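Structure record follows, encoded as C-alpha cells.
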Amino acid sequence: MKSAVETLNPTRVRLTVEVPFEELKDSLDAAYKKINQQVTVKGFRKGKIPARVIDQRFGRGAVLEEAVNDALPKFYTEAVNEAEVNPLGQPEVDITELKDGEVLAFTAEVDVRPAIEIPDYSGIEVEVDAVEVTDEDVEKSVEQLRERFASTNPVERAAAEGDVVTVDLTAKVDGEVLPDGVADGVSYTIGSGELLDGIDAAVTGLEAGGEATFASELKGGSAAGKEAEVTVKVTAVAARELPELDDEFAQMASEFDTLDELKADSRKRLENMKQFDQATQAQERVLEKFLELAEIPVPEKLLEEEVNTRKHNLEHHQLGQMGLSLEKYLELQGKTVEEFEAETKEQAVKGIKTQFLLDELVSQEKLNVEQEELTEHLFRRAASSGMSPDQFAQAVVQGGQVPMLVGEVARGKALAVVVEAAKVVDTNGEVVDLSDEDEDQAAETVEAVTGEAEVSEEK
C-alpha cells in the first residue's frame, strides 16, 4: 500500500491511498464466504458455492463491493498511522479507482487535531476576590440553621408573611380546569417564592376557609408558559416559631456545646467555601489568559456538531425537564434567537479550544493519571449525577467512556500546572498560594468550560 497526505488547512487533511490488488485477497475471501452464507444455488450445498459460480450468478461487482467495504477501514487506519495525524470524527471517503485484478485507489478527507504550540504561561497574572467572612455572613449562616429547626403551631388568625399555610389550588386556562390543574393540601410558606407568582398577595390576610383568585403564568405542567386563573383556598394557618439562639440550640442543632463554638465552626466552613470559590475563580481566569496566549484553529465540522449537541441537550434534556420550550426559555432570559446562537457558538469554540490546548499540555508535560486519581474523580462524578459509585462506574464501562474520564482528570492536572505557575493576587493585593489546590477541582472547572465538548479521535 502507498499513501500520501495533503494538508488542506490547519484542521483538515486529504489522504491519498493506493492498494495493490493482491492486498485485497483476505477481504475478497471474506466477501465470497459471506455471500456463500447468504445465497442458495441449485446443485450446491449452502456455503460450498465456488467463487466462479458466484461471479456468474451474482456478478463480480457485488463481490468487489463487499470486499472493498471490508478493506477500506483497515487501509484507512494504516494510512492515518503512516501519516501520523490525529483524525477527528469519520472521514469522507471517495473511491477514485477500482480495477479488478490491478488496483484500488481512494481518498479520505478528515478533520484533524491542529498542531498547537504551547505558549509561555509563566507570566500569567490574575486577580481574584479576597477570602473575607464578616460577622454578618456568620449570623446569616446561623440564622439559616435556625430556620431549619423552626416549629409550626396552628393559629386562628389571618395569614401573614412567614406563616405556613395549607392550601387547595385550582388552575384554569380559558375557563377550563386543567387536567393537572388541581392540587389539594399543599403546604406553603408565605414569602418563600417557591410556588406561583401572585400567591403571596392572594393568601396574605386570609384566615382558614378564606378563598381568593389571582392570575399567574404557569411554570410547568400541561400548560407551561400560559396565563392561568388560579383559585386558592386556605384550609389552615400555622405560625413558625424559631428556637432561641443559645447554647441549648447549639447542642440541639450541632455537635457543639455552646453557641460560640457553633458560630466559630460556621465561620470556618464559610472560609473553606470562599477559598474553594476563590480557587475556582483563579482557575477560570488563568484558563482565560492561557487561551488568549495560544493560536488554536477550530475545525468547522467539529464546531457545527458541538453547537448542535449543546442546543439539543439544552432543549431536549434541561428545558424538557422544566417543561419549557426553547422559545419560552429565551423569553425568560431576555435573549433573541440570534444572541442565543452566538452565545452557544462562543461557548462551543471555547470548550473545543480548551480541550485541544490542555490535551497538548498533557502530552508535552507527560502527565499521567493514576488509578487513585481516576477513582476519586469517578466518585465525584457519581455524586453529581445522583448515582452510586458502582452504578456510575458500570455505566461508564458499558458506554466505553473510561477514556473520557481519564481525559477529564488529565486536563485538570494540566490546568493545575498552569495555575501553579501563574501569579494570583486577591483584591487586597495579597498573593494567593494555590499550589496545594485539589487537581480534581481543576478538572471540575475544565468540565464546566468544555461542557459537551469531548473531542474523540477516530481511526
Exercise. Give the number of residues within segment 208-231 that are β-branched (V, I, T) and in contact (Cβ under 8 Å) with a residue 40 or more places away in the chain.
Key: 2
Quiz item: Which residues, counting only those in segment 323-374, are more than 23 Å from Q283 (Cα to Cα), surrounded by 14 or more Cβ atoms within 10 Å (Cβ to Cβ) and among the hydrophobic types (A, V, I, L, M, F, W, C)?
Solution: L324, L326, L330, F340
Quiz item: Of the residues in segment 183-224, how many are within 34 Å of the chain's Cα centre (by Cα) and in a loop (DSSP other than H, G, I, E, B)?
Solution: 14
Exercise. For segment 286-302, indicate whether the set of residues that are more than 26 Å from the chain's Cα centre (by Cα), aromatic (F, W, Y) and either exposed (fewer than 14 other Cβ atoms within 10 Å of the Cβ) or at pLDDT 95 or above (or both) is non-empty.
Key: no
Quiz item: Looking only at segment 372-394, which residues are more than 16 Å from the chain's Cα centre (by Cα) and either closer than 30 Å to D120 by Cα or among the hydrophobic types (A, V, I, L, M, F, W, C) (or both)?
Solution: E373, L374, F379, A393
Quiz prompt | Residues satisfying the stated conditions in segment 119-142, i.e. in contact with a Leu (Cβ under 6 Å, 6 or more places away or on another chain) and assigned to a loop (DSSP other than H, G, I, E, B) | solution = P119, V133
Quiz item: Hey, among the residues in segment 117-135 that are under 30 Å from K263 (Cβ atoms) and not hydroxyl-bearing (S, T, Y), which one's surrounded by the fewest Cβ atoms within 10 Å (Cβ to Cβ)?
Solution: D135
Self-check item: Index of the failed condition, V424 passing every other in (1) part of a helix (DSSP H, G or I); (2) touching a Leu at 6+ places or on another chain (Cβ under 7 Å); (3) modelled with pLDDT of 85 or more
Solution: (1)
Quiz item: Is segment 445-455 home to any residue that is at pLDDT below 90, part of a strand (DSSP E or B) and surrounded by fewer than 23 Cβ atoms within 10 Å (Cβ to Cβ)?
Solution: no
Quiz item: E109 is checked against (1) in contact (Cβ under 8 Å) with a residue 24 or more places away in the chain; (2) surrounded by fewer than 12 Cβ atoms within 10 Å (Cβ to Cβ) and fails just one. What number does that condition carry?
Solution: (2)
Quiz item: Residues of segment 267-325 being part of a helix (DSSP H, G or I) and among the polar types (S, T, N, Q), which ones?
Solution: N272, Q275, Q278, T280, Q281, Q283, N308, T309, N313, Q318, Q321
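Rundown of residues vs (1) free of Cβ contacts under 8 Å to residues at least 24 places away in the same chain; (2) surrounded by fewer than 16 Cβ atoms within 10 Å (Cβ to Cβ), yes/no style:
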{"residue": "N36", "(1), (2)": "yes, no"}
{"residue": "T40", "(1), (2)": "yes, yes"}
{"residue": "V63", "(1), (2)": "no, no"}
{"residue": "L72", "(1), (2)": "no, no"}
{"residue": "L88", "(1), (2)": "no, no"}
{"residue": "A115", "(1), (2)": "no, yes"}
Quiz item: Which one of these does A239 not meet: (1) assigned to a strand (DSSP E or B); (2) buried (at least 17 other Cβ atoms within 10 Å of the Cβ)?
Solution: (2)
Practice problem: Scan segment 64-109 for residues that are among the polar types (S, T, N, Q) and over 18 Å from K2 (Cα atoms) and report the count. | Solution: 3
Quiz prompt | Every residue from segment 375-410 that is buried (at least 16 other Cβ atoms within 10 Å of the Cβ) and of a type in the set (G, A, S) | solution = A382, A393, G407, A410
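The values are calculated or read from the model by the stated rules, or taken from the named source; none is laboratory data. All of these numbers come straight from a predicted model, not from anything done at the bench. Every residue, glycine as well, gets a Cβ built from its backbone with ideal geometry; the counts of neighbours run over all protein chains shown.
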